[in-house]
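Trainee: Attaching a single structure in structure tokens format; questions to follow.
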Ligand code: ADP
């Protein structure tokens, strides 16, 4: 190869290497030299009276949203926020939260979402790690942010979004230029060593993903699309759920967690809200579909359902198309580190194979399947899935060591970064990728990404706990739960462990079942025998 990029591919015939490097890549589509920030401003000018955000009975037009975004951006700039400064948005999912997120981007800052119900310790760790000095708050999060600020070396600059918006003034965008190579956001994901990792992504990757989602879900300019905003604000998929419709003149419909828990109310929301596009995790799709099978009804304007975060089963797909043959399913696969989902399988019916693939690479994305030396494996052979191209984030913020492990130089495209997913997969003859599971102890519970090691390490920091192990119980889906086992001083009770974990971990990481044992079972090699632990858990569940 004239570019010398096949140097490390001596094991594969040139033709096959070529196919893997070019033929299986997503199409090359030139990205505009612009970012979401100015594209949103332009759209808002184009359709000022269209509905941009819906939440319960609240409706904001594009003009109303844009003004708020600009006010927040100006307030941030006045508070000293400059290019790539990290701003924590500690807010629940409301229209103001969307304005705050866009305000941060418009000021040239980096958006860091924090849930107001997160434990103080976790928020302190995230803000310290990301050198975050400014937080946007709402009345419900002020106490948390004050407590966090008191624990930081330098107190936070705290801005109340409610107050900023009440003040009025400034409706024009600030004169800040935001460039495609600039950092856009950070999402913290669970980390096996005990401290979460802050994945930092750039505007170009963010925009590339938005365009791909818009294309695959068929969102058209000014076409009256309504996209649900369902995901937790700390889950990166929450971003496209509001950004994609706002790029196109469509409307974001925020659906509260309470409504999601009441499936009948959720269905009502989809139908009454004339929702056209939504995204859920497979476990929620299963709950929703089970309800709809028992109470059949048409889903109004719904056209596309994206599913992500965990493997989508063939059975679920069969059931979906039996009930809703006209509503497409998009199986989206990827990681927070790769600007959300760089692979899509768009399904218009039950696939021919008896499993669901994760499809093909999106535009400007290269997908590789590699061995442990980072060489391409022959087509059809299992290997680790890696991504290259515009989707690859910059790394974990202020964490060189863990960045170096996962973000490596792309051996095939010198000068670019490649992200190693830790997932296994293989190419199928029809040029689609099959997902084969994880290399490490990362699990998904209701779509939340969890490193088992982080929970175990937290458990071991509790006084009196000597040994700790966490396993999962139940299949994928709503039934899957975390189960913890510990041994140690008799003063440590199961309830005590639960209370302790609840103060240091988000609720979705606190095990459902906690068991005290005299000693943890060991394998012949002296390692904790997790297989043996999974069994007693099954009996107690
Ligand atoms: P995302 O926001 O795209 O769900 P996360 O960073 O939360 O990404 O989790 C990434 C991991 O989740 C992947 O490495 C993979 O193990 C799993 N995952 C994501 N999407 C899928 C999918 N469609 N099928 C199977 N596993 C998936």
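The values are calculated or read from the model by the stated rules, or taken from the named source; none is laboratory data. Bear in mind that the values here come from a model prediction, so they are computed numbers and not experimental data. Because the Cβ atoms are built from the backbone with ideal geometry, glycine has one as well, and the counts that use them run over all protein chains shown.
Trainee: With 100, 88, 73 as the choices, which residue is in a helix (DSSP H, G or I), under 20 Å from residue 148 (Cβ atoms) and touching a residue at least 40 places away in the same chain (Cβ under 8 Å)?
Mentor: When all the criteria are applied, what remains is 100.
Trainee: Is it true that residue 478 is surrounded by fewer than 21 Cβ atoms within 10 Å (Cβ to Cβ) and part of a loop (DSSP other than H, G, I, E, B)?
Mentor: yes
Trainee: Is it the case that some residue within the range 247-263 is more than 26 Å from residue 100 (Cα to Cα), away from the ligand (no atom under 16 Å from the Cβ) and at pLDDT 95 or above?
Mentor: yes
Trainee: While we're on this one: Name the residue that is farthest from the chain's Cα centre (by Cα), counting only residues in the range 284-306 that are outside any loop (DSSP other than H, G, I, E, B) and within 10 Å of residue 327 (Cβ to Cβ).
Mentor: Here the answer is 304.
Trainee: Another question, if that's okay. How many residues, within the range 374-407, are part of a loop (DSSP other than H, G, I, E, B) and touching a residue at least 60 places away in the same chain (Cβ under 8 Å)?
Mentor: The number of residues fulfilling the criteria is 12.
Trainee: Let me ask something else. Starting from the range 335-350, take each residue that is under 16 Å from residue 325 (Cα atoms) and list its partners that are within 7 Å of the ligand (Cβ to nearest atom) and in a strand (DSSP E or B), counting only C-beta distances under 9 angstrom and pairs at least six apart or across chains.
Mentor: Hits for this filter: 346/331; 347/331.
Trainee: Now for a different question. Somewhere in the range 289-297, is a residue in contact with a strand residue (DSSP E or B) (Cβ under 9 Å, 6 or more places away or on another chain), surrounded by 15 or more Cβ atoms within 10 Å (Cβ to Cβ) and modelled with pLDDT of 95 or more? Even if it seems obvious, please write down each step before you answer.
Mentor: Residues of the range 289-297 in contact with a strand residue (DSSP E or B) (Cβ under 9 Å, 6 or more places away or on another chain): none.
No: zero hits.
Trainee: Tell me, yes or no, whether the range 417-435 has at least one residue that is more than 23 Å from the chain's Cα centre (by Cα), within 16 Å of the ligand (Cβ to nearest atom), in a loop (DSSP other than H, G, I, E, B) and within 26 Å of residue 29 (Cα to Cα).
Mentor: yes
Trainee: Quick check on my filter: what residues within the range 22-59 are part of a helix (DSSP H, G or I) and at pLDDT 95 or above? Can you show your working first?
Mentor: Taking the range 22-59 and keeping what is part of a helix (DSSP H, G or I), we get 22-23, 36-46.
Residues satisfying the conditions are 36, 37, 38, 39, 40, 41, 42, 43, 44, 45, 46.
Trainee: Considering only the range 189-201, I want to know if a residue exists there that is closer than 26 Å to residue 71 by Cα, within 16 Å of the ligand (Cβ to nearest atom) and buried (at least 24 other Cβ atoms within 10 Å of the Cβ).
Mentor: Yes, the range 189-201 contains at least one residue that is closer than 26 Å to residue 71 by Cα, within 16 Å of the ligand (Cβ to nearest atom) and buried (at least 24 other Cβ atoms within 10 Å of the Cβ).
Trainee: Still on this model: Residue 337 versus (1) closer than 22 Å to residue 267 by Cα; (2) near the ligand (Cβ under 10 Å from one of its atoms): which is the lone unmet condition?
Mentor: That leaves (1) as the condition not met.
Trainee: Give me a count of the residues in the range 178-203 that are part of a loop (DSSP other than H, G, I, E, B) and modelled with pLDDT under 95.
Mentor: Summing the residues that are part of a loop (DSSP other than H, G, I, E, B) and modelled with pLDDT under 95 in the range 178-203 gives 7.
Trainee: Checking residue 63 against (1) part of a helix (DSSP H, G or I); (2) touching a residue at least 24 places away in the same chain (Cβ under 8 Å), which single condition isn't satisfied?
Mentor: Residue 63 satisfies all of (1) part of a helix (DSSP H, G or I); (2) touching a residue at least 24 places away in the same chain (Cβ under 8 Å) except (2).
Trainee: So, one more: Hey, can you tell me all the residues within the range 204-228 that are surrounded by fewer than 24 Cβ atoms within 10 Å (Cβ to Cβ) and within 14 Å of the chain's Cα centre (by Cα)?
Mentor: 210 - this is the single residue of the range 204-228 that is surrounded by fewer than 24 Cβ atoms within 10 Å (Cβ to Cβ) and within 14 Å of the chain's Cα centre (by Cα).
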